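Shown next, in structure tokens, is the structure this report addresses.
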């Protein structure tokens, strides 16, 4: 009985801690009651030890071990130790660092005025227009071009009106910290929001990845990594006699940017010949390119949580994506890169003398851009309705669209179409998967929030629901009906003759609705109605009604007498723990906990126990629990004591932890604290339960019935006790809210 008191005590402690984990404090009223009961039990045990020392010395050692355990628990439950870290104040909200715009600006002191065609006589590399200073030029379309030789970078800033779509994307990327902050606060405001911390953590990574990929797509610079080819020996480059007026003028002087004649650059003819041969080779390669419609299919992306959790699969997907991009763009990029490098070299080394080279650079670049535009439209038309391919093709198309704009001075061709088709593809696929009950996809929250974020970045804010609205929809889908029943027969024999036999049938009183919440790549179960900030006993137990049972006992004259069940109409069963995943063939598990009482059971317990030999009442719970109880009492006691120490140590550690400095840290702390205490609660329950209590099954994805499984814990126990039948039946059915 002492073991059962210890179990009940620890359950009270761990339930109080788990129920209040978001606040990190065990309720003072409940804790005072626990401490009072523990003190009373210590006093009683001390008296029993004194009595046992005289009457039953063999039992004293075990009783002293129990006393030491209780005393240790009482000490741990005392006032917090001096020096405990006190909360430092409310969580800080502005915890996300700002981002940098992927679009670089050209900073000028005067307004940009587009030259007329007659005024646009100067060049900066392959761009024609009017120079503002030695390193900056403006075209007739108000595109500003600026070169930095130190960084070997060309910045191309189209007119803001023409560039509004890409500038809008860049602004949203720059303000990404605000989007993250809003996301974090939305999770924090949601009911039980902290329990979805793994979703939040992954979503923040998705946001970062989107920023990176779209930043690369909308970037407005050309970088040249190769050194400028050397002019042959004996050449002479005379500095121009015009003072520099631009931010990079000192870098540009002495490199012929003011129109040196060929005679003043003896090596120019040789360099010009080399560059023309390079461009001849590029034109020849264009002619040898395969038909524009001949390109490989993009790799298909799996969009469920299983794929997102498999690091090996993610790495393989990244390799496949990179290989496809190289195949799709590789030949054209291999031609374009040296063509632009030729324009860079001609601009640096030949100045106006390289005008012919620059004209050819423009001509070849436009040929390649026209080809890629056709190719992108074919690619988009083939796959725009298939969501599994959009993650890899959207950044590619957007990036090439941007490059065409920077080289040819034309606006975006496909951005609006990308946004509209992407949303339609997502909506269509989502509805299909909801109808198919593809839980792996529908419950992959980071993917859905990632799609919405990508639409936001691309300017489709009006199509994106608020995070709270999305959560409401997700939770409506994330509802499963749980039904359980138990049919048992226990028999006790002596010398081969049956002395007692008890049977019973119990089942859940009504349909119980549960939800799944993430842990790694798997899920745990929680009652759908639970509010973890205000957890009640009903949130951790299920009402079981008794359908019937018979107890047969041997009475006087060896006569076996039957007693029909006449005890409490229902009992409370600990809400079952579960590990469910849709990713592998490894069995899912559901842990069957002990059957206990409720207020009605407690009220009639004493009376029923007094008539236990002539009735079949609350002793049904004792017999039913024989199906679950650990057969090794010594090992049970040791494990329970160790778990109790772990529970109290965990609580003590949390009480001495400083308040979180950020909202994200607060959510993380709440999640990890809750999971830690819940793991210890499970460890405690497993310490006093048989290994037979695990029900193994394989959860069905794309199905209404998640599982419909039977499990029999029949076995031989000590002292002639045999569980002849311990049949549990568990049925979990997907029943979303309408």
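We did not get these values from a lab; they are worked out from the coordinates using the rules stated. Because the structure is predicted, anything quoted here is derived from the model rather than measured. Glycine gets a Cβ as well: all are built from the backbone with ideal geometry, and neighbour counts include every protein chain shown.
This ranking places 177, 223 by how few other beta-carbon atoms lie within 10 Å of each, fewest first, which gives 223, 177. For the pair residue 274 and residue 302, a Förster radius of 56 Å applied to the C-beta separation gives a FRET efficiency near 0.70, rounded to the nearest 0.05.
Per-peptide packing, taken as the mean over residues of other Cβ atoms within 10 Å, places 317-327, 575-585, 390-400 in the sequence 390-400, 575-585, 317-327 from highest down. In this calculation the C-beta distance from residue 43 to residue 315 is compared with R0 = 51 Å, giving a FRET efficiency of 0.25. Along Cα→Cβ, 7 Å out, is where each label goes; now give me the distance between the ones at residue 175 and residue 589 in nm to one decimal. Each label point lies 7 Å from its Cα, and together they span 4.9 nm.
Can you bin segment 373-478 into rounded, prolate or oblate? Criterion: square roots of the alpha carbon gyration tensor eigenvalues sorted a ≥ b ≥ c, rounded for a/c under 1.5, prolate for a/b above b/c, oblate for the rest. Numbers along the way, then the final one.
Values: a/c = 3.10, a/b = 1.95, b/c = 1.59.
Prolate is the answer for segment 373-478, as a/c is 1.5 or above and a/b outweighs b/c.
The ranking of 180, 431 from fewest to most other beta carbons within 10 Å of each one's beta carbon is 431, 180. For a paramagnetic label modelled on residue 322 (point 7 Å from Cα along Cα→Cβ), amide N atoms under 16 Å away belong, within segment 176-214, to 213.
Protection proxy ranking for 274-282, 555-563, 448-456, using the average of other Cβ atoms within 10 Å per residue and placing the highest first: 448-456, 274-282, 555-563.
Ranked for footprinting exposure by Cβ neighbours inside 10 Å, fewest first, 136, 589 give 589, 136. With a Förster radius of 45 Å applied to the beta-carbon distance between residue 121 and residue 100, the computed FRET efficiency rounds to 0.80.
Which of rounded, prolate or oblate describes segment 89-164 when judged by the alpha-carbon gyration tensor and an a/c cut-off of 1.5?
In terms of gyration-tensor shape, prolate.
The slack in the chain from residue 483 to residue 161, taken as 0.36 nm per residue of separation less the alpha-carbon distance, amounts to 109.7 nm. Extension gain, residue 54 to residue 708, is 229.8 nm, computed as 0.36 nm per intervening residue step minus the present C-alpha separation.
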